């Protein structure tokens with residue numbers, strides 16, 4: 001081996017992130033997108049459903065680990081913040097509705 005870099009070391013040296021079977025990603029991405037489209041369409045009217053599909057669209061830094069699937073700590077924090085905001089809003093709405101019901105505003 002001498003002074004030669006192994007392929008994973010070459011990727012690290014070039015700044016590329018090695019992802020196993022990366023050439024399959026476009027087909028996998030489309031398959032996952034189709035599944036999520038169908039789920040979102042079927043569940044969108046349900047009170048318990050919340051879509052976080054576009055939560056990371058405004059990112060300016062890499063938020064995925066080298067495997068291309070799992071989030072970094074920063075990515076997890078962004079998603080957790082958005083979930084917290086959604087739950088806070090829903091609890092606030094639920095509490096307000098319960099208060100109005102108890103006051104006889106809603107029947």
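Any read-out appearing in this document is the output of simple, stated calculations on the displayed coordinates, not a laboratory observation. Predicted model, so just to flag it, every value in this text is computed and none were measured. Ideal geometry is used to build each Cβ from the backbone, glycine not excepted, and the neighbour counts take in all protein chains shown.
Table for the structure above
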read-out	value
Label zone at residue 81, where the point sits 7 Å out along the Cα-to-Cβ direction: region 29-64 residues whose backbone N lies under 13 Å	55-61
Spin-label pair residue 41/residue 57, simplified geometry with 7 Å Cα→Cβ offset, distance in nm	1.9 nm
Full-extension gain in nm, residue 96 to residue 32, via 0.36 nm per residue minus C-alpha separation	19.3 nm
